[in-house]
1. Taking the condition assigned to a helix (DSSP H, G or I), free of Cβ contacts under 8 Å to residues at least 40 places away in the same chain, assigned by TED's automatic domain parsing to the domain that holds Gly11 and not basic (Lys, Arg), does Thr261 pass?
2. If you take the residues of region 105-127 that are touching a Phe, Trp or Tyr at 6+ places or on another chain (Cβ under 7 Å) and not β-branched (Val, Ile, Thr), which of them is farthest from Lys260 (Cα to Cα)?
3. If you check Gly11 against the conditions, is it crowded, with 24+ Cβ neighbours inside 10 Å and modelled with pLDDT of 95 or more?
4. Would you point out which residue out of Gly40, Gly35, Gly113, Gly16 is touching a strand residue (DSSP E or B) at 6+ places or on another chain (Cβ under 9 Å), crowded, with 21+ Cβ neighbours inside 10 Å and closer than 30 Å to Val205 by Cα?
5. Looking at Ala287, Ala291, Ala275, Ala301, which one is modelled with pLDDT under 95 and buried (at least 22 other Cβ atoms within 10 Å of the Cβ)?
6. Whether any residue in region 104-123 is outside the structural domain of Ala290 (by TED's automatic domain parsing), assigned to a helix (DSSP H, G or I) and in contact (Cβ under 8 Å) with a residue 12 or more places away in the chain is what I want to check.
7. When you go through Ala130, Ala149, Ala165, Ala157 one by one, which is the residue that is in contact with a strand residue (DSSP E or B) (Cβ under 9 Å, 6 or more places away or on another chain), outside the structural domain of Gly277 (by TED's automatic domain parsing) and modelled with pLDDT under 95?
8. Just name the residue that is modelled with the lowest pLDDT out of those in region 196-249 that are closer than 19 Å to Ile121 by Cβ and among the small types (Gly, Ala, Ser).
Amino acid sequence: MTEKVKCLIIGSGPAGYTAAIYASRADMKPVIYEGLQPGGQLTITTEVENFPGFPHGVQGPELMDMFKKQAERLGSDIRYGLATKVDFSQKPFKVIIDDNHEIEAQTVIIATGASAKWLGIPSEKRLNGAGVSACAVCDGFFYRGKDVAIVGAGDSAAEEASYLANICNKVYMLVRKDKMRASKAMIHRVENTKNIEILYNTETVEILGDKVVDGVRVKNNITNELKTLSVSGFFVAIGHNPNTEIFKGFIELDEQGYIKTIPGSTKTNIEGVFACGDVQDKNYRQAVTAAGSGCMAALDAERYLASQH
């Protein structure tokens, strides 16, 4: 049987939960499906020091739990489940959850986020959150004055390397090929930063450490020479995949798969469907900006529903 919903939020995390908080207060009776990773990327980070209102910092999972409880207290119907198919070709919008439950929604807020790409080596998974991170801006602070390594060759890797160079003693930049993909300006910047050492033709073999990262074993692709770098932090900056697969064919995406929103709003190319958080933001990717855009999405959805009467 089809369930009828006024406001459906797909995805949790700072954007989805904030949208739910605002939608609940506007009496939109939001139903939110949390997706594969309830609470989003913050649940795999440890200490969060840059979210306002927590002078002593807060653990990522704890922060997301607070968001969730606040949304629930205000009346959000939060469910565990994954949106597996959508049909936005007509109104009300159809969304299938877990391949079997059909929902008809008057308005939809997409907050499915983006997932960091990983190298896929066992030691990376084992030490994730114990020295391995996919966000230098989030976690760089913990390596103040220490030596770190960062993998990646694009603009965001160069930007994160520059950010780390300001706070760390030394930054090894590991580039798989013989040149970087980053823009000339960004390459120039890292090449001219004294404490960044770029290692070209370099592949990560293993991240070392028992409980926390204490080194990385790398291999030169040309000579096959192995060497060990002594580092306390290992950052992966090889890009993100926006979780937009199910929206293809309905929602306008950019060449990297991020949802295009009308500047200054969360509106998509389909009236009544809104997008917030990392699924439409490849520039900032911070919890606080995601939360802000979740607020915008709920307000945009509220105005849209009001205009329908």
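1. Numbers: assigned to a helix (DSSP H, G or I): no; free of Cβ contacts under 8 Å to residues at least 40 places away in the same chain: yes; assigned by TED's automatic domain parsing to the domain that holds Gly11: yes; not basic (Lys, Arg): yes.
So Thr261 does not fit the description; no.
2. Selected residue: Glu124.
3. Answer is yes for this residue.
4. After applying the criteria, what remains is Gly113.
5. Ala287
6. Within region 104-123 (the criterion being outside the structural domain of Ala290 (by TED's automatic domain parsing), assigned to a helix (DSSP H, G or I) and in contact (Cβ under 8 Å) with a residue 12 or more places away in the chain), the answer is yes, since at least one residue qualifies.
7. So the residue among Ala130, Ala149, Ala165, Ala157 that is in contact with a strand residue (DSSP E or B) (Cβ under 9 Å, 6 or more places away or on another chain), outside the structural domain of Gly277 (by TED's automatic domain parsing) and modelled with pLDDT under 95 is Ala157.
8. The extreme case among them is Gly239.
The values are calculated or read from the model by the stated rules, or taken from the named source; none is laboratory data. Please read all numbers here as calculations on a predicted model, not as lab measurements. A quick note on method: Cβ atoms are made from the backbone with ideal geometry, for glycine too, and the neighbour counts reach across all protein chains shown.
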